[in-house]
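Here is the structure we will look at.
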Amino acid sequence: MLELSTQPQIFHMLQLKGAIRLEIKGLKTKGGSAYAHAKRIYGVKGSREKIVIYLEEMAQLQTQRMQYIQMWQHLAAKDSTPAIEEEIEDRENTIASINADINKLQEKYGSKK
């Protein structure tokens, strides 16, 4: 299980998602809105609802990516056998697939980052 304290970017996405949900329900703040902050930080376009969906999906993909990287690192540290080499290759392919999904999500929401 990933600890959120070791994943500040994912934690920040989830914080913004929660803050934007509160803004949707009518909560006002003295400072700038979380919606404007998310648009500025991640370069995304769309309504508050779409930004919440983007942050949710991006946080899920980033979490999956980190989990597979951790599994890959664990396997890479073991003595090499054909079975382990196959698992490492499978993890690398999965990570590449997740990276492609992240790029598609960024393109869908007009993200610059």
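So in the range 4-31, with the set limited to residues that are of a type in the set (Gly, Ala, Ser) and modelled with pLDDT of 90 or more, which one is surrounded by the fewest Cβ atoms within 10 Å (Cβ to Cβ)?
Out of the qualifying residues, it is GLY26.
For the range 96-113, how many residues are more than 15 Å from GLN60 (Cβ to Cβ) and surrounded by 17 or more Cβ atoms within 10 Å (Cβ to Cβ)?
So the count comes out to 1.
(1) over 24 Å from PRO8 (Cβ atoms); (2) surrounded by fewer than 12 Cβ atoms within 10 Å (Cβ to Cβ); (3) not aliphatic (A, V, I, L, M): which one isn't true of ARG40, the others all being true?
(1)
The values are calculated or read from the model by the stated rules, or taken from the named source; none is laboratory data. No experiment lies behind these values; they were computed from the predicted model shown. Positions of Cβ are backbone-derived with ideal geometry, glycine not excepted, and every protein chain shown enters the neighbour counts.
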